[in-house]
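The values are calculated or read from the model by the stated rules, or taken from the named source; none is laboratory data. These figures come from a predicted structure and were not determined experimentally. For neighbour counting, all protein chains shown are included, and Cβ atoms are generated from backbone atoms with ideal geometry for every residue, glycine included. Only protein heavy atoms, including side chains, enter the accessible area calculation; ligands, DNA and RNA are left aside. Shrake-Rupley method; radii C 1.70, N 1.55, O 1.52, S 1.80 Å.
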Amino acid sequence: QVQLVESGGGLVQPGGSLRLSCVASGLAFSSYGMSWYRQAPGKKRELVASIASVDGNTNYADAVKGRFTISRDNAKNTVYLQMNSLKPEDTAVYYCAAVFRLGVIHAWGKGTQVTVSS
């Protein structure tokens with residue numbers, strides 16, 4: 001069975017940093033693009049960042065560009081999201097997703113809570 005497990009969330013003050021991790025199992029990790037989404041209370045789930053399966057091309061939402069970095073380690077079946085200069089508006093549940101061709105989501109993780117507050 002496919003499983004994506006996020007970790008690294010928590011409470012951080014504005015301006016702080018967190019690194020999220022997502023460990024995948026039950027799939028050929030290197031064959032999938034990986035994405036991070038987030039969902040704040042009362043809002044729709046939105047795409048935060050994505051990274052391609054092989055060439056490592058990345059894309060970011062405008063709201064996080066320059067502050068967040070997505071990366072992957074195919075040998076460890078893990079995708080990361082380094083989040084710097086965090087703002088209160090970054091508060092959300094962050095979800096890892098495995099992406100098949102043409103952007104079709106193959107699997108979701110259960111999410112990890114990130115709260116940015118003083």
Next on the checklist: If you roll a 1.4 angstrom probe over the protein chains with everything in place, what fraction of the accessible area of the chain belongs to carbon and sulfur, to the nearest %?
Outcome noted: 48 percent
Checklist entry - Which whole-Hz couplings ³J(HN,Hα) result when phi for each residue of the stretch 28-33 is put into the Karplus expression 6.51 cos²θ - 1.76 cosθ + 1.60, θ = phi - 60°, listed in order with x for Gly and Pro? => result 7, 3, 5, 8, 10, x
Next on the checklist: Per residue of the stretch 55-63, what does 6.51 cos²θ - 1.76 cosθ + 1.60 with θ = phi - 60° give for ³J(HN,Hα)? Whole Hz please, x for Gly and Pro, Karplus curve as stated.
Outcome noted: 7, x, 4, 10, 9, 9, 5, 4, 5
Item to check | Residue-by-residue Karplus 3J(HN,Hα) for the stretch 68-73, coefficients 6.51, -1.76, 1.60, Hz, glycine and proline x | outcome: 10, 9, 9, 8, 9, 10
Checklist outcome for this item: Cross-link reach from residue 44 to aspartates and glutamates, straight Cα distance under 19 Å and at least 8 residues apart if same chain, gives 62, 89, 90
Checklist entry - What nm value, rounded to one decimal, do you get for the distance between residue 115 and residue 62 when each label is placed 7 Å out toward the C-beta? => result 3.1 nm
Checklist entry - Can you tell me the accessible area per residue over the chain, all protein chains present, probe 1.4 angstrom, in square angstrom? => result 54 Å²
Next on the checklist: If I model a spin label at residue 52 and residue 31 as a point 7 Å from the Cα along the Cα→Cβ vector, what separation in nanometres do I get?
Outcome noted: 1.9 nm
Checklist outcome for this item: The extension gain from residue 108 to residue 40, computed as 0.36 nm times the residue separation minus the Cα-Cα distance, is 22.8 nm
Checklist outcome for this item: Residues meeting the amide H criterion for residue 33 (H placed from the backbone, H to H distance under 5 Å, 5 or more places apart or on another chain) are 53, 99
